[in-house]
Amino acid sequence: MSATPNDLVHELLAESVLAWRVAARVEREGADALVIAGAKDIRIACAPPHVPFRWTVTIDGRTRPAISLVAVLRQVREALDPSYAANRVRIAVAPLVPS
């Protein structure tokens, strides 16, 4: 029996919480949503088909879109681990070697 996409996302989030060493557990809520029980109230759901993003992440009542699982993981990590220092990549047009 093969795993469904939601099963794989559940497993990814559960293993991520363990790797981050935060006190939380990932639970299923219906067929299309996951809840992370811990210090924060976090709910991850598939976005409706007519919107330009794949996921919605609700943290303590505030819902934000997430275009990918990487974005979901970033939002969840920032919510669960206040000491996490998010690194952002900035791309700018510039010469390869400064003059």
Q | Residues satisfying the stated conditions in segment 10-27, i.e. closer than 13 Å to I44 by Cα and touching a residue at least 40 places away in the same chain (Cβ under 8 Å) | A | L12, L13
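Could you please find all residues in segment 34-67 being small (G, A, S) and modelled with pLDDT of 90 or more? Give the derivation first.
If we filter segment 34-67 for residues that are small (G, A, S), which is where we start, we get 37-39, 45, 47, 61, 66.
Listed by number, the residues that qualify are A45, G61, A66.
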Q. If you check V22 against the conditions, is it touching a helix residue (DSSP H, G or I) at 6+ places or on another chain (Cβ under 9 Å) and under 15 Å from V9 (Cα atoms)?
A. no
Q: Scan segment 19-39 residue by residue and report those that are surrounded by fewer than 12 Cβ atoms within 10 Å (Cβ to Cβ) and aliphatic (A, V, I, L, M).
A: A19, A23, A31
Q) Restricting the search to segment 35-51, which residues are of a type outside the set (A, V, I, L, M, F, W, C) and touching an Asp or Glu at 6+ places or on another chain (Cβ under 9 Å)? A) K40, D41, R43
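The values are calculated or read from the model by the stated rules, or taken from the named source; none is laboratory data. Everything quoted here is computed from the prediction, not taken from an experiment. Positions of Cβ are backbone-derived with ideal geometry, glycine not excepted, and every protein chain shown enters the neighbour counts.
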